[in-house]
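In what follows, a single structure is set out as structure tokens and then discussed.
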Amino acid sequence: MKKLLPYLKPYKKQCLIGPLCKWIEALLELILPTIMAFMIDQGVLKQDRSIVFTYGILMIFMVFIGFCFSLICQYQASIASQGFGTDMRNHLFERIMRFSFEDLDRFSPATLLNRIGNDVNQVQLAVAMLIRLAIRAPFIVIGSVFMAMILDMELALILLAAIPLIVLTLYLYSRITTPYYQIYQEKFDRFLNILEQNLNGVRVIRAFLSQAVESKRLDEASMDLQVQMTRISRISALLNPITALIINATIILLLAAGILSLPDAIPAGTLIAFINYATQILLALVATSNLIVIFSKASASARRINELLAVEVMTTNAQAHEKTDAQHALSCSHLQFTYPHAAHPSLIDISFTIHKNETIGVIGGTGSGKSTLAAVMMNFYPCAEMKLFGRSVAEYDATILQRLITLIPQKNELFSGTLKENLLYGNPLASEAEMWEALRQAQAEDFITVKGDGLALRIEAGGKNLSGGQRQRLCIARGLLRQSDIIIFDDSFSALDFETDAKLRQALGEHHDMTKVIISQRVATIWNSDRILVMDQGHIVGEGTHQELFDSCVVYREICLSQNIAKEGIA
């Protein structure tokens, strides 16, 4: 929890005012039983109405003042806890957006959602309870014993003896349940992960009639979650009864002591005050036990949040903003790359040079390393050997890197909103004329015009109201709007028909001031590139033009023949 305290700094005032108001309320609450004892002994028993009236009005006034201070505390606690939670969520989201792909591979979307949502909620609740109860509950317990000692030292010893038993109960509960809550959150991550997979893949599940299989898998995860929560609930269910048992036994002992003290009877008011103080202790300890439950959950959640905060994120590198080589757009020498925790490298001894304004094709079978090469070019996985305009990609400031190089991935990501809002992801300053030009080049202008809404066309989450080819063309238009020096198409033409593919490549040929890297499994998409890199099992096994590779590279020739493409290419 200590690492999360800086998020409370903007709310210092609320963190001081809130507990102070609660302390005043608790102080007034502690004085009330003593006043009541005096009113009973001196007023009620002696039938002095003036004392009863005076002290009755005083008690009502004290209750009202305590209520006002309680409201102020609640208000301050709400401001601090809600602000704390909001700031933390925003900060976590900003950090996650700067995670490397290696870190994103470690944390699934489900666990990230759970940590930003549920875990932050648990810590936020703990902050609210900390302001409202952390000072009040122990102060009530200690204050009640102290006030009882003022009234009668011998009876106070009975109350004092009960405190260590309750403290021991709370300590043991906290030690036992905190690890259980940690396990529960991990199991909840697994449940959310399975749920997310099922919701995203519902069409595939129905197509293969796998509803029963997936329902069983989800039921098992849900049952596992239920078993863990039941285990925690069983322990939690014992906490309040044990504390109530201890304090009620203390009340019985107080009453017994009052009876046994006859004929030197303890004054009735004093005995009632003692019972009130015992009841206050009981309520305070019940609140403390609930506080322990909340803090146990928050402690487990805080550890999970700290795991995100401990991840090193990409930082600004102000020393490396400039290109050192304006001619060599991308280059590397003997590059080797292995995914974290992988047994074998995905890229082996990769060497190439891509000149400025060249169109380079990259082809190879599934698993040959094409997309991995694109990820390394983009510095998604830092690799010092990959150079952009003569400087290691890892040295560039992230903002400058994104201006110099753009990746259009194979998976089409569109967001709910208008077409214009989606295109502006590529360039927030783009004019409508530039958007339409990008749509024209991406061969998307025609179907957008047919739909009739223009740039105001509503896009559903993931582009579900569009076909695969339409989504792909919009993603290409968005990438073209960035007007980067280098643009990488990572199998971005796979959903296009051959005619649209050809028209798109022809439109891209108009960009004479842009370096283009086209990654594809279709020879028709890359055969007329300036040069082609052929990949196989992580190696570059060929480099040259289509005609050269058809004669010299067995892997490339086999790919061409499997797609009925001759040495002359496509007419």
- Mind listing the lone cysteines of the chain, meaning no other Cys beta-carbon sits under 4.7 Å from theirs? Cys15, Cys68, Cys332, Cys383, Cys475, Cys553, Cys560
- Cα convex hull of the chain: how many Å³ per residue? 210 Å³
- With a probe of 1.4 Å, find how much accessible area segment 365-428 has per residue, and write the answer as a whole number in Å². 41 Å²
- Message: Can you compute the charge dipole magnitude of the chain about its Cα centre, using +1 on each Lys and Arg Cβ and -1 on each Asp and Glu Cβ, nothing else charged? Give it in debye, rounded to the nearest 20.
- Response: 1440 debye
- Item | Separation between Cα centres of segment 1-42 and segment 530-564, rounded to whole Å | 77 Å
- Task: Please list, or write none, the aspartates and glutamates whose alpha carbon is within less than 18 Å of the alpha carbon of Lys420, excluding same-chain residues fewer than 8 places away.
- Result: Glu432, Glu434, Glu437, Glu445, Asp446, Asp453, Glu460
- So, in Å, what gap is there between the alpha-carbon centers of segment 345-414 and segment 57-88? 56 Å
- Of all alpha-carbon pairs in segment 402-441, indicate the percentage at a distance above 13 angstrom. 61 percent
- Any idea what % of Cα-Cα pairs in segment 171-241 are farther than 21 Å? 41 percent
- Counting only protein heavy atoms, what percent of the accessible surface of segment 157-283 is carbon or sulfur at a 1.4 Å probe? 69 percent
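Quote the charge dipole size of segment 107-266 about the Cα centre in Debye, to the nearest 20; the model charges only the Cβ of Lys and Arg (+1) and of Asp and Glu (-1).
It comes to approximately 580 debye.
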- Using the heavy atoms of the protein chains and a 1.4 angstrom probe, tell me the accessible area per residue for segment 20-96 in square angstrom. 55 Å²
- Item | Selected from Phe380, Leu401, Gly390, residue furthest toward positive end of dipole (segment 378-436; charges at beta carbon) | Gly390
- Rounded to a whole number, what % of the accessible area of segment 445-538 do carbon and sulfur atoms account for, probe 1.4 Å? 44 percent
- Query: So, with +1 on the Cβ of K and R and -1 on the Cβ of D and E, and no other charges, what is the size of the charge dipole of segment 200-253 about its Cα centre, to the nearest 20 debye?
  - Reply: 140 debye
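Just need the relative contact order of segment 529-571 here, percent rounded to a whole number, with Cα pairs under 8 Å and 6+ apart.
Taking the mean separation of contacting Cα pairs over the length of segment 529-571, I get 28 percent.
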- Item | Sparse-neighbour loop sites [trypsin sites (Lys or Arg not before Pro); segment 361-468; at most 16 other C-beta within 10 Å; DSSP] | Lys411, Lys464
- Item | Percentage relative contact order, segment 176-301, counting C-alpha pairs under 8 Å, at least six apart | 41 percent
- To the nearest 10 degrees, how steep is helix 153-200 against the longest Cα principal axis of the chain, on a 0 to 90 scale? 20 degrees
- Query: So how do 474-481, 220-227 stack up, highest first, on mean other-Cβ count within 10 Å?
  - Reply: 474-481, 220-227
- Enter the angle in degrees (range 0 to 90, nearest 10) between the Cα long axis of helix 49-97 and the first principal axis of the Cα atoms of the chain, meaning the one along which they spread out most. 20 degrees
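Taking N as the number of residues in segment 11-50, what value does Rg over Cα atoms divided by 2.2 N^0.38 Å take?
Segment 11-50 yields a ratio of 1.85.
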- Item | Accessible area expressed per residue, segment 110-261, with surrounding protein chains retained (probe 1.4 Å, Å²) | 54 Å²
- Eigenvalues of the alpha-carbon gyration tensor of segment 330-483, times 5 and square-rooted, give semi-axes in Å, largest first, of 33, 17, 14
- Relative contact order (percent) for the chain, with alpha-carbon contacts under 8 angstrom and 6 or more residues of separation? 14 percent
- Task: For segment 93-171, list log₁₀ I(q)/I(0) at each q in 0.19, 0.21, 0.28 Å⁻¹, using the Debye formula over Cα point scatterers of equal strength and ignoring solvent, two decimals each.
- Result: -0.89, -0.98, -1.22
- Task: Enter the angle in degrees (range 0 to 90, nearest 10) between the Cα long axis of helix 136-151 and the first principal axis of the Cα atoms of the chain, meaning the one along which they spread out most.
- Result: 10 degrees
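Semi-axes of the equivalent ellipsoid for segment 34-163, please: Cα gyration tensor eigenvalues, times 5, square-rooted, ordered largest first, whole Å.
Equivalent-ellipsoid dimensions as semi-axes: 52, 19, 8 Å.
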- Query: Can you give me the pair-distance distribution of segment 470-571, C-alpha pairs, 10 Å bins, whole percents?
  - Reply: 14, 47, 32, 8
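Quick one: ranking Tyr55, Tyr425 by accessible area, 1.4 Å probe, largest first, what do you get?
The residues order as Tyr425, Tyr55, largest area first.
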- Starting from the eigenvalues of the Cα gyration tensor, five times each then square-rooted, give me the equivalent ellipsoid semi-axes of segment 353-394, largest first, whole Å. 19, 15, 6
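The values are calculated or read from the model by the stated rules, or taken from the named source; none is laboratory data. Quick caveat: nothing in here was measured; it's all calculated off a predicted structure. Don't worry about glycine lacking a Cβ; one is built from the backbone with ideal geometry, like all the others, and counts go over all protein chains shown. Heavy atoms of the whole protein, side chains included, go into the accessibility calculation; ligands, DNA and RNA do not. Shrake-Rupley method; radii C 1.70, N 1.55, O 1.52, S 1.80 Å.
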